[in-house]
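Please treat every number below as a calculation from the coordinates, not as lab data. Nothing here was measured: the structure is a model prediction, and the numbers come from that model. Cβ sites come from the backbone with ideal geometry, for glycine too, and all protein chains shown count toward neighbours.
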Amino acid sequence: MKIRTRDVPPRAAWALEQAGVHPLLARLYAARGVQAADELDDGLARLLPPTGPQGLRGADAAARLLADAIARDARICIVADYDCDGATACAVAVRGLRLLGARHVDYLVPDRVVDGYGLTAAIAERVHARGADLLVTVDNGIASIEGVAHARALGLAVLVTDHHLPAPALPAADVIVNPNQPDCSFSSKCMAGVGVMFYVLLALRAELRTRGAYADRPQPKLDALLPLVALGTVADVVRLDANNRRLVAQGLRRIRAGQMPAGLAALFDAAGRKSAQATGFDFGFALGPRINAAGRLADMTLGIECLLTDDAARATELARTLDAINRERRSIETDMREQAELVAESLFGDGEEPPPAICVYDPAFHEGVVGIVASRLKDRLHRPCFVFAASRAPGHEGEIKGSGRSIAGFHLRDALDLLAKRHPGVLLRFGGHAMAAGCTVAAARWPEFEAGLRVIAREWLDEAALTRRLDTDGPLAPEYRRADMVDTLHREVWGQGFAAPTFSEEVEIVSQRLVGERHLALKLRHQGQPVDGIWFGRVEPLPNRAVLAFRLDADEWQGQRRVRFLVEGMAG
């Protein structure tokens with residue numbers, strides 16, 4: 001691993017300090033591209049506008065479509081996705097539309113195994129059978145050309161809200177809202193699906209306002225939906241640009257004040273987290289996985305119902321069910337990860353570099369967990385990784401379904417697109433982003449897929465890209481090694497594209513021991529002072545002195561809060 005220190009533009013850091021930003025935060029923000037204090041303003045007034053010349057393409061048309069549907073008391077059905085972004089987007093859509101006057105709002109979420117991803121013809125049939133007039137997709141639909149066509153042939157109006165990258169051909173929906181569709185001038189291209197739906201609701205409220213809906217009453221407040229928007233945004237690991245950071249900050253602010261749906265409060269309790277001290281880390285590593293577990297192993301309806309209920313007892317029951325499913329998911333994941341690591345390591349010998357792309361397939365794998373295992377492999381080997389399982393969907397025998405995770409410099413969806421052109425028929429379906437994608441492959445042509453992806457990786461990735469690098473914020477001044485400084489850092493919004501602070505410098509390893517058989521507990525000397533440390537997932541011993549990369553954390557022992565270092569890596 002190569003550890004690098006981020007550049008800190010001195011003028012930007014100085015300007016932030018002069019504006020009253022804490023000196024350490026000023027340095028951290030400047031290193032992440034923030035140049036002025038007004039960029040840190042997370043007020044709702046600073047959100048990008050939903051409509052207008054710089055707004056979301058299609059948002060105004062979507063608002064008119066939905067306003068007309070509400071006016072004629074139409075039946076609206078939301079078609080969701082089965083991950084946390086899809087679940088939160090669905091809950092935001094249902095809650096928001098009801099808040100804005102829709103009386104007949106239902107939802108349907110596909111089954112990962114039976115239905116596959118997105119709006120299919122079969123899903124359209126089920127929506128039609130429910131008596132819906134308007135079908136609204138959330139976090140999917142941009143690739144559902146056949147499903148949209150079938151829905152419209154059945155007489156359904158279709159609104160697609162999505163954030164995934166589109167193919168050259170778009171579905172023939174009545175309206176599409178997606179920041180990544182052609183000719184969309186909205187600058188936040190990395191908004192999550194839940195954010196797109198929230199913006200559609202903002203546009204709808206504005207449309208209803210122009211129609212006089214609030215002439216004699218206050219307009220509904222949509223900010224109650226922001227905790228759900230924040231959760232889905234972080235859990236989907238989209239880049240936290242300024243607009244996304246504002247959405248997350250606003251959601252966290254409300255959660256810390258106790259203003260959140262009953263289901264979120266119950267999920268914090270089930271995860272053993274304190275909502276009054278909520279952080280983005282809680283979304284990504286505590287609440288998000290519990291929601292996702294329902295879509296991976298059971299039925300995402302459980303997750304969506306948890307986010308929709310206003311009954312605290314019902315919320316507690318659902319949150320506990322989700323927690324149990326997540327424990328099962330962890331057990332399955334552990335077994336799969338160990339097997340996948342064995343297969344991956346068989347692809348190269350001792351002392352050899354791994355191939356430029358890793359593909360693992362085992363018929364016994366659970367398809368709901370392949371994405372997590374691919375992510376773990378990618379983190380361990382620093383290579384684009386795909387993990388496949390046999391499809392268990394009726395009528396799809398002979399197909400395998402894979403999920404991939406990538407590294408910087410290898411756009412996964414573009415790689416699949418190129419592979420599909422070079423090897424026609426190998427890929428039956430595919431889609432996704434630069435860093436995460438999914439696909440279905442004919443099992444008989446699996447070796448062709450594996451070889452084809454490896455060739456593309458060899459063409460696109462050079463030695464520098466295949467070398468693991470960790471960007472850090474350099475040494476930590478000893479005066480900031482305090483528990484209150486940990487709290488200050490945790491209150492800020494960090495995440496994908498706006499990395500949490502990680503420091504690096506040479507320390508002395510005074511003592512080390514294994515805990516839980518999988519983690520290294522450390523006694524360190526940092527700039528002459530003792531401090532505890534822990535390296536999760538590390539079992540190999542460290543030298544007496546080493547350059548470590550670490551995050552700041554605090555633990556409590558006998559009523560005293562103490563700083564500890566969470567080690568992320570070692571230079572070598």
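Taking every DSSP beta bridge with both residues inside the chain, roughly what % is antiparallel (nearest 5)?
On the way: 50 of 77 bridges.
Close to 65 percent.
Can you pull a Stokes-Einstein diffusion coefficient for region 342-410 at 37 °C (0.692 mPa s), Rh from Kirkwood over Cα pairs, as a whole number of µm²/s?
Roughly 261 µm²/s, to the nearest whole number.
Run lengths n ≥ 4 of DSSP H only: what is the helix-derived mean residue ellipticity at 222 nm for the chain, with -39500 (n - 2.57) per run over all residues, to the nearest 500?
On the way: 17 runs with 216 residues, N = 572.
Result for the chain, helices only: -12000 deg cm²/dmol.
Across all directions, the shadow cast by the convex hull of region 354-460 built on its C-alpha atoms averages 5.9 square nanometres.
If the segment from Arg217 to Asp38 were pulled out straight at 0.36 nm per residue, it would be longer than the present Cα-Cα gap by 61.1 nm.
Hey, any idea what the orientation-averaged projected area of the convex hull of region 82-154's Cα atoms comes to, in nm²? Spell out each step's value before the answer.
Numbers: hull surface 19.1 nm².
Directional mean of the projected Cα hull area for region 82-154 stands at 4.8 nm².
For q values of 0.21, 0.23, 0.30, 0.32 Å⁻¹, compute log₁₀ I(q)/I(0) with the Debye formula on a Cα-only model of region 199-249, without solvent. After summing over all Cα pairs, the log10 values are -0.78, -0.85, -1.11, -1.19.
Panel values: region 170-274, Kirkwood radius from alpha carbon pairs, Stokes-Einstein at 10 °C and 1.306 mPa s, translational diffusion coefficient 102 µm²/s. Note on Glu568, Glu459, Glu352: ascending count of other Cβ atoms within 10 Å places them as Glu352, Glu459, Glu568, the fewest first. My understanding is that a pair violates if its Cα-Cα distance is over 28 Å; which of Lys189/Lys421; Lys2/Lys401; Lys189/Lys274; Lys2/Lys523; Lys378/Lys421 do that in this structure? As for pairs spanning more than 28 Å Cα to Cα, those are Lys2/Lys401; Lys189/Lys274. Neighbour counts of C-beta atoms inside 10 Å place Leu522, Leu307 in the sequence Leu522, Leu307, starting with the fewest. Normalised by 2.2 N^0.38 Å, with N the number of residues, the alpha-carbon radius of gyration of region 37-91 equals 1.54. Each Cα pair under 8 Å and six or more residues apart adds its separation to the average, and for region 354-460 the resulting relative contact order is 26 percent.
Our Cα-only numbers for region 176-229 put the radius of gyration and Dmax at 13.3, 40 Å. Assuming a ≥ b ≥ c are the square roots of the Cα gyration tensor eigenvalues, decide whether region 214-279 counts as rounded (a/c under 1.5), prolate (otherwise, with a/b larger than b/c) or oblate. Judged from the Cα gyration tensor, region 214-279 comes out oblate (a/c at least 1.5, b/c at or above a/b).
By average Cβ neighbour count within 10 Å, what is the ranking of 314-324, 533-543 from highest down?
Values: 314-324: 20.0, 533-543: 14.0.
Put in order of decreasing packing, that is 314-324, 533-543.
Put simply, the Cα atoms of region 432-496 extend 60, 26, 15 Å along their principal axes, the longest span coming first. So, R0 is 35 Å and r is the distance between the beta-carbons of Asp311 and Ala443; what FRET efficiency does that work out to, to 0.05? So, using R0 = 35 Å, E works out to roughly 0.15.
Gain on full extension, evaluated as 0.36 nm per residue between Asp111 and Asp484 minus their Cα-Cα distance, stands at 129.7 nm.
Legend: P(r) of region 469-570 from all alpha carbon pair distances, 10 Å bins from 0, whole percents, reading 15, 49, 32, 4.
Please report, in debye to the nearest 20, how large the charge dipole of region 343-419 is about its Cα centre when each Lys and Arg carries +1 at its beta carbon and each Asp and Glu carries -1 there.
Numbers: 8 positive and 11 negative charges, 61 e Å.
Computed charge dipole of region 343-419: roughly 300 debye.
List the relative contact order of region 390-437 as a percent without decimals, with contacts defined as Cα pairs under 8 Å and 6+ residues apart. Let's see the in-between values first.
On the way: 49 pairs, mean separation 19.4, N = 48.
Value for region 390-437: 40 percent.
Dividing the convex hull volume of the alpha-carbon atoms in region 1-139 by its residue count gives 184 Å³ per residue.
Of the peptides 362-374, 230-242, the order by per-residue mean of other Cβ atoms within 10 Å, starting with the highest, comes out as 230-242, 362-374.
Label region 67-109 by shape, choosing from rounded, prolate and oblate, from the square roots a ≥ b ≥ c of the eigenvalues of the Cα gyration tensor; if a/c is under 1.5 it is rounded, and otherwise prolate applies when a/b is larger than b/c, oblate when it is not. Before the final figure, lay out the partial values.
On the way: a/c = 3.28, a/b = 2.06, b/c = 1.59.
In terms of gyration-tensor shape, prolate.
If you wrap the tightest convex hull around every Cα atom of the chain and split its volume per residue, you get 165 Å³.
Semi-axes of the equivalent ellipsoid of region 416-459 are 15, 14, 9 Å, computed as sqrt(5λ) over the eigenvalues of the C-alpha gyration tensor in descending order.
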